[in-house]
Amino acid sequence: MNINTKINDWIKADPMRWQALEIAAALELKDWCLAAGFVRNLVWDNLHHYPQPTPLSDIDLIYFAPSDISPERDAYFETSLRSRSALNWSVKNQARMHLRNNDHPYRNTLDAMSYWVEIETAVGVQLSVTGELLILAPFGLNGLSQLTITLNDKRPKPADFYARITEKRWLETWPQLKLINNSLLTDI
């Protein structure tokens, strides 16, 4: 069974994740997905054979809407989502995130994800109108399925990379993870 199929099965077997996808899909946003730890942690938990999912600090809903890049729009969606569930939602329009990151404007959600600090975090899932799960992963799923954490060459910030690994305690939570490009970390 390939990793795509496994992720689909794992999400369908996780009531919280399935409910989050249904709630997010009801917003009918264009070019959206639930991303980052929503998928990454699920994969790492299952590959570590954990009987229970590791709690998520938040649910990252990302979307792409260049017609309105105001932070207030994101806040509106967060309020709407929180009125429907007790989950801690974080909503970010990727059409504005290039400003924060000093990048050229992103073309879409997938392009925006391709600038995230670590490759394995750049993965999301969307529930289509027909009820299918669609996985978005600009770098594919190999690294994620091989339990690696890889510094993204498009965002070569080893200090940020190392800080995220430390602050989020990934190596403690998932001890089988392997750092890739960790030679860059020796200069920190």
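The values are calculated or read from the model by the stated rules, or taken from the named source; none is laboratory data. What you are looking at is a predicted structure, and each value in this text was computed from that prediction instead of being measured. Every residue, glycine as well, gets a Cβ built from its backbone with ideal geometry; the counts of neighbours run over all protein chains shown. Note: areas computed on protein heavy atoms with side chains; ligands, DNA, RNA excluded. Shrake-Rupley method; radii C 1.70, N 1.55, O 1.52, S 1.80 Å.
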Practice prompt. Output the number of residues of region 47-70 satisfying the condition of being open to solvent by 50 Å² or more (accessible area, probe 1.4 Å) and touching a Phe, Trp or Tyr at 6+ places or on another chain (Cβ under 7 Å).
Written response: 0
Worksheet item: Would a scan of region 64-72 turn up a residue that is among the aromatic types (Phe, Trp, Tyr), touching a strand residue (DSSP E or B) at 6+ places or on another chain (Cβ under 6 Å) and in contact (Cβ under 8 Å) with a residue 24 or more places away in the chain?
Response: no
Worksheet item: Out of (1) at pLDDT 95 or above; (2) in a helix (DSSP H, G or I), what's the single condition that is false for SER183?
Response: (1)
Discussion item. Conditions first: (1) more than 18 Å from VAL129 (Cβ to Cβ); (2) among the polar types (S, T, N, Q); (3) at pLDDT 95 or above; (4) open to solvent by 60 Å² or more (accessible area, probe 1.4 Å). GLN19 passes all but one, so which condition is the exception?
Written reply: (1)
Response to the item:
Taking region 106-135 and the residues there that are assigned to a helix (DSSP H, G or I) and more than 21 Å from ARG17 (Cα to Cα), the one that is most open to solvent (accessible area, probe 1.4 Å) would be ILE119
Worksheet item: From the residues in region 75-105 that are of a type in the set (S, T, N, Q) and open to solvent by 30 Å² or more (accessible area, probe 1.4 Å), which one is nearest to PHE38 (Cα to Cα)?
Response: ASN88
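Results for (1) among the aliphatic types (A, V, I, L, M); (2) out of contact with any helix residue (DSSP H, G or I) (no Cβ under 9 Å at 6 or more places or on another chain); (3) under 16 Å from LEU144 (Cβ atoms); (4) in contact (Cβ under 8 Å) with a residue 24 or more places away in the chain, shown as yes or no for each residue.
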{"position": "LYS6", "(1), (2), (3), (4)": "no, no, yes, yes"}
{"position": "GLU28", "(1), (2), (3), (4)": "no, yes, no, no"}
{"position": "PHE38", "(1), (2), (3), (4)": "no, no, yes, yes"}
{"position": "VAL43", "(1), (2), (3), (4)": "yes, no, yes, yes"}
{"position": "GLN52", "(1), (2), (3), (4)": "no, no, no, no"}
{"position": "ALA75", "(1), (2), (3), (4)": "yes, yes, no, no"}
{"position": "GLU78", "(1), (2), (3), (4)": "no, yes, no, no"}
{"position": "SER83", "(1), (2), (3), (4)": "no, yes, no, no"}
